[in-house]
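To start, the structure under review is shown below, and the notes come after it.
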Amino acid sequence: MKKTLQIIDRMHKEGLFKKYAIGGGIASLFYIEPIATFDLDIFVVLPESEEVLLSLSPLYDWLREKKYKLVKEHIVIEGIPVQFIPVYNELVKEAVLKAVRKKYEGISTFVLKPEYLMAIMLDTNRAKDRERIIKMSDEAEISADVLKKILTAHGLITAYNDFIKKFYER
Amino acid sequence: MKDKPNKIKESAADYAAKIFTSKKDFHKEQAKLPIEEKIKILIELQKIVLKTQKQEPGERLRQVWKI
């Protein structure tokens, strides 16, 4: 993972994306106990472009030049299947812009804050997201104020209250 | 003698409550592990999942990380 993070950081320094942060299951791992997951999701803020799909091409071209293989929807970088996901709404964009620096084996990287992860999971709302929200609530250090502000700003407060009622109140 | 079943019931409930609390504490402790340790555990979990679950055709890529 160290080498993978070094490559991603190099891509950032070479301007292939303006900002990035680890999201998904691996970001959760920074805050909760280990859970099984197979890919490393990297949310990216791409350089300004009219065509979002076209602007992902330089990123994949750069990786292919370095002989990294595209397998299904992932690109395998130093043994880890990585998925680059352009920020797809205001919540995810804000989450990436406010990501925190974390270290892995001495390598500095960016990881989504736990409150943003929870908001994104609530927004995505798949079964595994609901499961992870519960784990995040139980195990991570979440600032209730920060979470409330994010949920309110992105119209998710009702969804959150419903979630709490359903899973926590008897 | 009549209240014995209730006592047993109570102590079983207490015992179960203790187990649930200790499980919760264990998960919280695991959450505090360094990320490097968690990645090592993740790789072991990946091996277990791939051994026990069949990969369906067309499913997302699932492989044990080669790090």
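The values are calculated or read from the model by the stated rules, or taken from the named source; none is laboratory data. All of these numbers come straight from a predicted model, not from anything done at the bench. So basically every Cβ, Gly included, is an ideal-geometry build from the backbone, and we count neighbours across all protein chains shown.
Does the stretch A:2-20 contain at least one residue that is surrounded by fewer than 20 Cβ atoms within 10 Å (Cβ to Cβ), away from chain B (no Cβ under 14 Å), out of contact with any Phe, Trp or Tyr (no Cβ under 9 Å at 6 or more places or on another chain) and of a type in the set (S, T, N, Q)?
No, the stretch A:2-20 contains no residue that is surrounded by fewer than 20 Cβ atoms within 10 Å (Cβ to Cβ), away from chain B (no Cβ under 14 Å), out of contact with any Phe, Trp or Tyr (no Cβ under 9 Å at 6 or more places or on another chain) and of a type in the set (S, T, N, Q).
Tell me the strands (runs of 3 or more DSSP E) entirely within the stretch A:66-141 that contain at least 1 residues that are free of Cβ contacts under 8 Å to residues at least 60 places away in the same chain, within 30 Å of B:E29 (Cβ to Cβ) and facing chain B (nearest Cβ under 10 Å).
A:80-86, A:100-104
For the structure I just gave you, tell me whether B:I39 is touching a residue at least 24 places away in the same chain (Cβ under 8 Å), out of contact with any Ser or Thr (no Cβ under 9 Å at 6 or more places or on another chain) and either at the interface with chain A (Cβ under 9 Å from one of its Cβ atoms) or part of a loop (DSSP other than H, G, I, E, B) (or both).
The answer is yes for B:I39.
Which one of these is modelled with pLDDT of 95 or more, in contact with a helix residue (DSSP H, G or I) (Cβ under 8 Å, 6 or more places away or on another chain) and over 23 Å from A:S137 (Cα atoms): A:Y20, A:Y31?
A:Y20
Conditions: (1) surrounded by 14 or more Cβ atoms within 10 Å (Cβ to Cβ); (2) facing another protein chain (nearest Cβ under 7 Å); (3) without any contact (Cβ under 8 Å) to a residue 24 or more places away in the chain. B:K66 meets all but one. Number of the miss?
Against the list (1) surrounded by 14 or more Cβ atoms within 10 Å (Cβ to Cβ); (2) facing another protein chain (nearest Cβ under 7 Å); (3) without any contact (Cβ under 8 Å) to a residue 24 or more places away in the chain, B:K66 comes up short only on (1).
Being surrounded by fewer than 17 Cβ atoms within 10 Å (Cβ to Cβ), of a type outside the set (D, E) and part of a loop (DSSP other than H, G, I, E, B) narrows it down to one residue among A:P34, A:P47; which is it?
Result of the check over A:P34, A:P47: A:P47.
Does B:L45 satisfy the criteria of being modelled with pLDDT of 90 or more and closer than 23 Å to A:K69 by Cα?
no
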